[in-house]
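Q: This is the structure I want to talk about, given as structure tokens.
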Amino acid sequence: MIEIAKSMFTLSKKEKVLFSFVIIAALTRLVPHPPNFAPITAMSLFAGAYFRRKQLAFIVPLIAMLISDLFLGFYTISIFVYLSFVLITWMGQQRNRVTPKLVLLGSVLFFLISNLGVWLLYYPKSIEGLLTCFALAIPFFATSLLGDIFYSVIMVFGFSAVSSRLQLA
């Protein structure tokens with residue numbers, strides 16, 4: 001059992017670079033930014049697409065999120081955010097790359113799951129409550145999508161540049 005745990009936490013050079021990219025992205029949540037302009041979807045897709053060890057694809061971004069949430073605080077909807085995070089990571093694993101279509105799909109998935117959580121926790125459980133919740137969330141979707149695109153481009157092209165420079169396999 002100890003050997004399994006030890007091997008899981010022994011990272012290759014490439015995994016160390018990927019780990020660094022995810023941690024740095026998560027730490028950008030701590031600097032001032034427009035509402036929802038965050039690296040969550042990009043981190044999830046990136047980790048799912050680039051980590052070859054499936055468990056690391058899930059563990060590393062979750063650790064990064066937990067670290068940044070220690071400073072930002074945890075909210076009642078955090079469970080919905082983390083659930084969408086896991087699903088988006090899985091999507092990245094299925095495609096083994098980050099594509100514009102996948103970024104859009106991840107953004108929509110995050111919007112739907114997180115706002116479903118907001119509705120379940122804070123709004124009347126009615127069609128009117130659901131529609132009100134999602135209607136009020138639409139302006140946040142625009143900045144969320146822009147953030148997802150921005151961070152996805154930075155992470156994918158940044159990793160490509162670093163990877164070729166360090167000759168990572």
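The values are calculated or read from the model by the stated rules, or taken from the named source; none is laboratory data. In this text, all values refer to a predicted model and were calculated from it rather than measured experimentally. Don't worry about glycine lacking a Cβ; one is built from the backbone with ideal geometry, like all the others, and counts go over all protein chains shown.
Q: Residues to consider are 101, 54; find the one that is within 20 Å of residue 148 (Cβ to Cβ) and of a type in the set (D, E, K, R). Show your work before the answer.
A: Working: 54 fails: within 20 Å of residue 148 (Cβ to Cβ).
Result: 101 is the single residue among 101, 54 that is within 20 Å of residue 148 (Cβ to Cβ) and of a type in the set (D, E, K, R).
Q: Please count how many residues of the stretch 121-141 are assigned to a helix (DSSP H, G or I) and surrounded by 15 or more Cβ atoms within 10 Å (Cβ to Cβ).
A: Residues of the stretch 121-141 that are assigned to a helix (DSSP H, G or I), as a first pass: 121-122, 127-141.
Next, only the ones that are surrounded by 15 or more Cβ atoms within 10 Å (Cβ to Cβ) stay: 130, 133-134, 137, 140-141.
Residues meeting the conditions: 6.
Q: Could you please give the count of residues in the stretch 34-53 that are over 13 Å from the mean Cα position of the chain (by Cα) and either more than 11 Å from residue 96 (Cα to Cα) or of a type in the set (A, V, I, L, M) (or both)?
A: Final tally of qualifying residues: 3.
Q: Give the stretch 85-120 a look and list any residue that's of a type outside the set (A, V, I, L, M, F, W, C) and under 17 Å from residue 156 (Cα atoms), or say none.
A: 89, 92, 93, 94, 95, 96, 97, 99, 100, 101, 106, 107
Q: Still on this model: Taking the stretch 142-169, which residues are closer than 25 Å to residue 76 by Cα, surrounded by 17 or more Cβ atoms within 10 Å (Cβ to Cβ) and not charged (D, E, K, R)?
A: Result: 144, 145, 147.
Q: Which one of these is at pLDDT 95 or above and charged (D, E, K, R): 54, 101? It would help to see each step written out before you state the result.
A: Values: 54 fails: at pLDDT 95 or above.
After ruling out the rest, the residue left standing is 101.
Q: Take residue 34 and tell me if it is at pLDDT 90 or above, surrounded by fewer than 19 Cβ atoms within 10 Å (Cβ to Cβ), under 21 Å from residue 143 (Cα atoms) and touching a helix residue (DSSP H, G or I) at 6+ places or on another chain (Cβ under 7 Å).
A: Working: at pLDDT 90 or above: yes; surrounded by fewer than 19 Cβ atoms within 10 Å (Cβ to Cβ): yes; under 21 Å from residue 143 (Cα atoms): yes; touching a helix residue (DSSP H, G or I) at 6+ places or on another chain (Cβ under 7 Å): yes.
In short, yes.
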